[in-house]
Each structure stands twice: as C-alpha cells, then as structure tokens.
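Report on the structure given below.
What follows draws every value from the coordinates through simple rules; no lab data is involved. Predicted model, so just to flag it, every value in this text is computed and none were measured. Here the Cβ positions follow ideal geometry from the backbone for every residue, glycine too, while neighbour counts run over all protein chains shown.
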Amino acid sequence: MRRFRCPSCQHEVFFSNTACLNCGTVLIYKPGAGFSASTPDAVPCANRDSIGCNWIAADGQDLCLSCAHTIVVPDLGVEGNLDRWARIEAAKRPVMRALFHMGLPLRDTTGAPAPVFKLKGDPLDPDRPRVLTGHDSGTITLNIEEADDDQREAMRSAMGEPYRTLSGHFRHEVGHHYWALLTEADPRALETLRAVFGDDRQDYGEALAAHYRDGPPADWEDRFISAYASAHPWEDFAETWAHVMHLLDGIETARAFGLIPADLPVEPADLLALPMARLAEAWIELSIALNAVNQAMGHETFYPFVLNGAVIEKMDAIRRLIVGSRLVEPRKVA
Ligand SMILES: [Zn+2]
Ligand SMILES: [Zn+2]
Ligand SMILES: [Zn+2]
C-alpha cells in the first residue's frame, strides 16, 4: 500500500480512514484516483455507515468496486457478525485495489462482478455441514470465523501453518479464479502452467485426501512455497499466486516508507515488468530485517517462508502470464 495525504491539510491518512484524524475532512477513496474530500456529487458506497467502507460508489451503483463483489453477507441477526463483516471487507479492499492495479479483469463476459464472494457463518445446527473456505467457478466462499483472531489462530496452530490471515485467504482464493480465467482466455497458458506447476488433471479430491492423510513429500521445501502447495497443481498455483500478491503489496508499502532501494518502482504494474528474481532479492533482504525486528519485539516471524530458486521461477511464470495476458488492461494507480 502506498502512503496517502489528506486532500485538505496534507496530514497522513490511512487506507481505511473515513475521515482525516487531523482536520476532520470526510474522505472518500476512488480506485485509480486516490482520496478526495467528500463532496455532494461523490456518492459514498452504501456500506459506509454499516461497515465503514470508505470507497466511492461505482458509477450508477449503490456499492463500491469492492463491496459489489460480495454477493452473500453474513447473517446480521447473529451477534458479532456486523464486526466480522467489517473486518473481512477491510481486508478485502486492499486485495481488490491490487487486482485493479494489476490490470486484471474484475468482470465476467456478461459484465457482472467476478470473482464474487460469499461470506458465510457455520449453521447453528452442528449436524449440518460446516462452511468450507474455497473457490468454485468464480465464487469464493469464506467462513466468517476467519475474522475472529482466536479462531483463526487456533486453526493455524491445529493445521501446523506458519501463516494464516484474511489477506492470505483472499490472495490465495483469487489465484484459483485467475488460473481458470487465464487458461480459458488462452489455451497455450494452460500448457505453460502445466509445465511449471504439474498436470492439474490428476484427481483433485484424491490429491487433497492424500495430502491430509500422508502429509507433504519430504523434500517439499525445495520445490514449494508451503506444505499445502504440494497437495495439487491448483493449490501450488494459488499459494504461489498469493505470494506474488504479498510481494507486490509488501514492496509497494516498503518502498513508500523508504525501506527498500529507490530504484525499484512502486506501482504493481511497473513491478510486474521486472523479473521476479529482482523483486525477490529486495523482498528477501527486507524480510530478513523485518523478521529480526519482529523477533526483537517477541512477535511471530513477519515472513515465515523461504523463497528459493524453484519458487521464484514459479512466481516468475505467474508474472509472465499476467503481463503477457490479453486480459490485462493498463489502469491508473492510486
Ligand atoms: Zn486533514
Ligand atoms: Zn464499499
Ligand atoms: Zn486453494
């Protein structure tokens, strides 16, 4: 994320601010244009009062570019769900901004928002099936208990994962959506992806069952960004895609604060023009430093992953696919 200034007093404002904390100017964010002071003709997103969405309503719509992609919101009759929904949308907005800046399509062929999100809580009846977080044909379902720190941490610990966040879920699941979209738009892309990530025609259900039964291969760390990535080529792609997005947003943020060399560009689209090895080099140096700072504070590791050569090559394959895709359109960044 870049740094933003109040349009009235130039004080620093944060991406989630609905008003300037210094002068009180009411703020409204427009993808591609940044923050402006709210004016009578700038219609705010209809979710502003309920969940604090600070984006502008899309042209002729009630909702903003981010909220319009959520087609199922949590049951607001359940205590705590309004807060969960607000936290989830606050984590989703930077991801939607990143996809917009990467130039990726956010509409399907009929012009409807895509991907779309269903934010659902488990049914009260314990005999009914739980809500599984995952992707299916452009629809991303998120179990809203992921918005509760205690629940999410318990799951992270139980699954033996080094990292589990709402941002991570969104970046992973949109990866599945763009695998489908990129390969649909260009059959050669599918061949390229199979050469890099493996043959996705192997049975997905069986592969996942085997992963949970037998665990990852002993040498997974040499070839995959995470143990889960070794389960199936689709999961490898989604995990790796998430890390491409982690790096783009992480580098944009670090660059905005002067924490990495100024010869790296800030914008996601410009970063994507560089070989992934160049981004990884800057990122590894930064993450070693931030891991040490986190350790000094007694926190968990900031970036608990190893970007080895094999992983960086996969990330570069994703980068080349995005850049080479006929789907991508240049967009103004803000
Ligand atoms: Zn101000
Ligand atoms: Zn909104
Ligand atoms: Zn997945």
If the chain between Ala277 and Thr110 were fully extended at 0.36 nm per residue, the gain over the current Cα-Cα distance would be 56.4 nm
Farthest toward the dipole's positive end in segment 62-167, which of Met102, Val116, Ala86, given Cβ charges of +1 (Lys, Arg) and -1 (Asp, Glu) about the Cα centre? Met102
Tell me which residues come under 5 Å, amide H to amide H, from Leu27 once H is placed; ignore anything under 5 positions away on its chain. Ala19, Cys20, Ser38
Give me the Debye-computed log₁₀ of I(q)/I(0) at q = 0.10 Å⁻¹ for segment 113-250, equal point scatterers on Cα only, no solvent, two decimals. -0.36
Would you mind calculating the gained length between Ala158 and Gln295 on full extension (0.36 nm times residue separation, minus the Cα-Cα distance), in nm to one decimal? 47.1 nm
Let me spell out the model: positive unit charges on the Cβ of Lys and Arg, negative unit charges on the Cβ of Asp and Glu, origin at the Cα centre of segment 62-167. What dipole size does that give, in debye rounded to 20? 500
Only Lys, Arg (+1) and Asp, Glu (-1) charged, at Cβ; the chain dipole about Cα centre in debye: 1060
Sequence-distant or interchain residues sharing an amide H contact under 5 Å with Val131, placed H: which? Asp122
What FRET efficiency do you get for Asp83 and Phe305 if R0 is 30 Å and r is their Cβ-Cβ distance, rounded to the nearest 0.05? 0.50
Ratio of alpha-carbon Rg to the 2.2 N^0.38 Å globular estimate for the chain, to two decimals, please. 1.00
Euclidean distance between Cα centres, segment 1-71 to segment 104-162, Å: 25
Computed [θ] at 222 nm, deg cm²/dmol, the chain (DSSP H ≥ 4; -39,500 (n - 2.57); rounded to nearest 500): -14000 deg cm²/dmol
Lys pairs under 20 Å by Cα in the chain, provided they are eight or more residues apart or on distinct chains: 5
